[in-house]
Every structure is written in C-alpha cells, then in structure tokens.
1. Measuring from centroid to centroid over Cα atoms, what is the spacing of segment 109-156 and segment 10-52 in Å?
2. In degrees from 0 to 90, rounded to the nearest 10, what is the angle of the helix 133-143 Cα long axis to the longest principal axis of the chain?
3. Per residue, how much accessible area does segment 1-108 show when a 1.4 Å probe rolls over the protein heavy atoms, in square angstrom?
4. Leaving ligands, DNA and RNA out of it, report the carbon-plus-sulfur percent of the accessible area of the chain at a 1.4 Å probe.
5. With an 8 Å Cα cut-off and a minimum separation of 6 or more residues, compute the relative contact order for the chain in percent.
6. Is it possible to state the helix-based mean residue ellipticity at 222 nm for the chain, with each DSSP H run of 4+ residues giving -39500 (n - 2.57), the sum divided by total residues, to the nearest 500 deg cm²/dmol? What is it?
7. Using Cα pairs under 8 angstrom and six or more residues apart, how large is the relative contact order of segment 51-161, in percent?
8. On full extension of the chain, what length is gained from ARG15 through ALA63, given 0.36 nm per residue of separation minus the C-alpha to C-alpha distance?
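The values are calculated or read from the model by the stated rules, or taken from the named source; none is laboratory data. All figures in this text were calculated on a predicted structure; none of them were measured in a lab. Reconstructed Cβ throughout: ideal geometry from the backbone, glycine too, with neighbour counts over all protein chains shown. Calculation scope for accessible area: heavy atoms of the full protein, side chains included, ligands and nucleic acids excluded. Shrake-Rupley method; radii C 1.70, N 1.55, O 1.52, S 1.80 Å.
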Amino acid sequence: MTRSLYLASSSKYRRELLTRLQINFRCESPQIDESPEPDESPLDTCQRLAREKAMAVAAEHPAAIVIGSDQVADVDGVAISKPGTHDRARAQLRSMSGKTIVFHTAVCICCKETSQSIEFTVPTSVEFRALNAAEIERYLIAEEPYDCAGSAKSEGLGISLLKRIESSDPTALIGLPLIEVANALRQFELTLP
C-alpha cells in the first residue's frame, strides 16, 4: 500500500527543503500551541513540538506518513525564538555576537494507523562573528529575517554574519535535516529517487 505523505508545517523553508527529495507530499499546518512549557529546556521544547505537530496532523490523516519538525535556537540554555520584529531581531543578533549558538532541529515522523514513529534531533553549532551595530542594521534591512529562529538566515546573507557552522546535516540549520529525514522515510518503506 502506498501511503500519502504530509508535512505538518506552514514553513516555506521546510516545504522547499522537502521538495528536494522529489517525492509527492502535502502540507498541512498543525493547530497546536507552540509556547514552551515552564522550565522546559530548548532541546525538550523542540522535541515536544515536533512530536505534537506530527501527531496533530496524523490524527486527521491516520493512514498517512506525517513529518513534524521544530527548531529552537539555544543560547546558553535559553531558547531564542523567531523575532517577529526588527527591534527584536536587532536585540537577538546583538546578544549572539561573538557567541556559539546551538540550533536544535527535531523531527518526528509517524503513521497513526501502523503506530510507527521515528524521532531524532540534529544539532547545529553556529559561531557568530563579533558583529557591530551598522552591519546588523544592514543585514536586517536587506534580509528581514523576522520569521527565522535567531534572526540569521544561513541560506541567504546571514551566512556573512557567521564564523563557523558544524552539523552532520547541512539542511538542519534551514529547518529540516534531509539526510536523516530521507533515511527515516525509507524505514517507512517510502521509495525515494
């Protein structure tokens, strides 16, 4: 039986990444509260949210394979979210200047009908250069990264703010670790090119 595939996300970045695997899928936005729980670590938050996103869409499509993913930027144990505004993005970049940030990208792939579930997290360590106020402003005006955790889009001009990136999967930082996702989908017997 060929199962349909859903990406439990409204993220254009995750949709574009999954398209690279040249497989048919649908996107459906999970209707969940993405607020962190009290005393929850950034790692625990992203793992819980990836699972909740996948399970929410799987409840609507029990025969489908569903991919849920979440990313949380971790600055010294404190979660950094999507800034939403120019001022918050500026403050985020100032706080990350000269520091190494860990971006946790968690994924849950499940099928409710078969009770199969695979979960994993791919960390990406990102070292920011020492940034001055003028280059932060130029970057924010050019890129407007207000929908990205940590305000830095490595797939765009944000790469110029960085000194180093370390990860086992280069797509994890953008929001969906395709190497691990492809390996997991094969365990669901999904045929990939």
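1. For segment 109-156 versus segment 10-52, the Cα centre distance is 12 Å.
2. 40 degrees
3. 50 Å²
4. C and S fraction of accessible area: 49 percent.
5. 22 percent
6. My calculation for the chain gives -9500 deg cm²/dmol from helical runs alone.
7. 31 percent
8. So the extension gain works out to 15.2 nm.
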